[in-house]
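*Asks:* Below you will find the structure I want to go over with you.
Nothing in this text is a laboratory measurement; each read-out follows from the coordinates by a stated rule. These figures come from a predicted structure and were not determined experimentally. Ideal geometry is used to build each Cβ from the backbone, glycine not excepted, and the neighbour counts take in all protein chains shown.
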Amino acid sequence: MQAKKTKADLTDNQLLRYNRQIVLPEIDINGQNLLSNAKIAIIGLGGLGCPAATYLVSSGIGTMLLVDHDDVSLSNLNRQTLFTETDIDKRKVDAAKQRLLKFNSEVSVNTKYIKIDKDFNDRFIKTYDIIIDCTDNFETRTIINQIALLNKIPLITGAALKFEGQVALFRNDLDTAPCYRCLYPDLPATSGSCVDTGILGSVAGFVGTVLANECIKFICNFGNNFDSKLFLIDLKNNDFKTIKINKDKKCVHCE
Ligand SMILES: [Zn+2]
């Protein structure tokens, strides 16, 4: 993404803090600089957004935007690992920011206490390099897909329910790549959410961690990623599959 940088760009403290990942040849100094220059928007601070934000902040992401319109409730605490009992009734974005800065005070964390709907103003998201969609319903995901397409921003999307999860990377910055609506052309009128279907916290943690991992690989440009692929996770039966996502020539969003 950016030009190669030298060791001098990182302080001694940063070299020490990120040492265990810098020694990985795939990351190295250059990758650490790419991470520290990256601007990531995480939408949804639930069971997926909490672990994704934690690992990205700990890895030394430069700037993170947190978007959510909810407050912390007791029933969040089985999986939303950024929050504690003393955070109940606080805005998730505020409690999450406070916790994330304790993990890594060098990261710049911005917040928006706002609901993503069709009137959403995407002005403040334009400058971000990657959007990670950690929301929990099809309607919001399709709006985020449109925002990412309009602003040509790559979109990493995750979902988790019961013991299962999905992760995909959509290159909404490229005209040739499939988008989220290519995968789901017909949206269900109502979709299941963890409120009535349930979810195990550790399953959300697994999927959220895969989201962070994909984001780091994408920024540092190594490994195989889930670009135009859907990673299907079944943690009850330990069954993992990856299927290709094709571009839909009749897609209502990207064609
Ligand atoms: Zn599409």
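*Asks:* Quick check on region 232-240. Is at least one of its residues within 16 Å of the ligand (Cβ to nearest atom), in a strand (DSSP E or B) and more than 13 Å from the chain's Cα centre (by Cα)?
*Replies:* There is no residue in region 232-240 that is within 16 Å of the ligand (Cβ to nearest atom), in a strand (DSSP E or B) and more than 13 Å from the chain's Cα centre (by Cα).
*Asks:* Select the strands (runs of 3 or more DSSP E) contained entirely in region 118-192, then report the ones holding at least 1 residues which are more than 16 Å from the ligand (Cβ to nearest atom) and touching a Phe, Trp or Tyr at 6+ places or on another chain (Cβ under 6 Å).
*Replies:* Details: elements: 130-133, 155-161, 164-170.
Correct list: 164-170.
*Asks:* Would you confirm, using the coordinates I've provided, whether V203 is outside any loop (DSSP other than H, G, I, E, B) and at negative phi?
*Replies:* Taking the combined requirement at face value, the residue satisfies it.
*Asks:* In region 205-231, which residues are small (G, A, S) and within 16 Å of the ligand (Cβ to nearest atom)?
*Replies:* Across region 205-231, the qualifying residue is only S228.
*Asks:* Does G201 count as touching a residue at least 40 places away in the same chain (Cβ under 8 Å), surrounded by fewer than 20 Cβ atoms within 10 Å (Cβ to Cβ), out of contact with any Gly (no Cβ under 7 Å at 6 or more places or on another chain) and closer than 23 Å to S58 by Cβ?
*Replies:* Here the answer is no, as G201 does not meet what is asked.
*Asks:* Hey, can you tell me all the residues within region 80-112 that are of a type in the set (D, E, K, R), touching a Leu at 6+ places or on another chain (Cβ under 8 Å) and outside any strand (DSSP E or B)?
*Replies:* Step one: list which residues in region 80-112 are of a type in the set (D, E, K, R), which gives 85, 87, 89-92, 94, 97, 99, 102, 106, 112.
From what is left, the residues that are touching a Leu at 6+ places or on another chain (Cβ under 8 Å) are 85, 92, 97, 99, 112.
Passing the criteria: E85, K92, K97, R99.
*Asks:* To continue, here is another question. Determine whether region 212-228 contains at least one residue that is under 26 Å from N78 (Cβ atoms) and among the aromatic types (F, W, Y).
*Replies:* Within region 212-228, none of the residues are under 26 Å from N78 (Cβ atoms) and among the aromatic types (F, W, Y).
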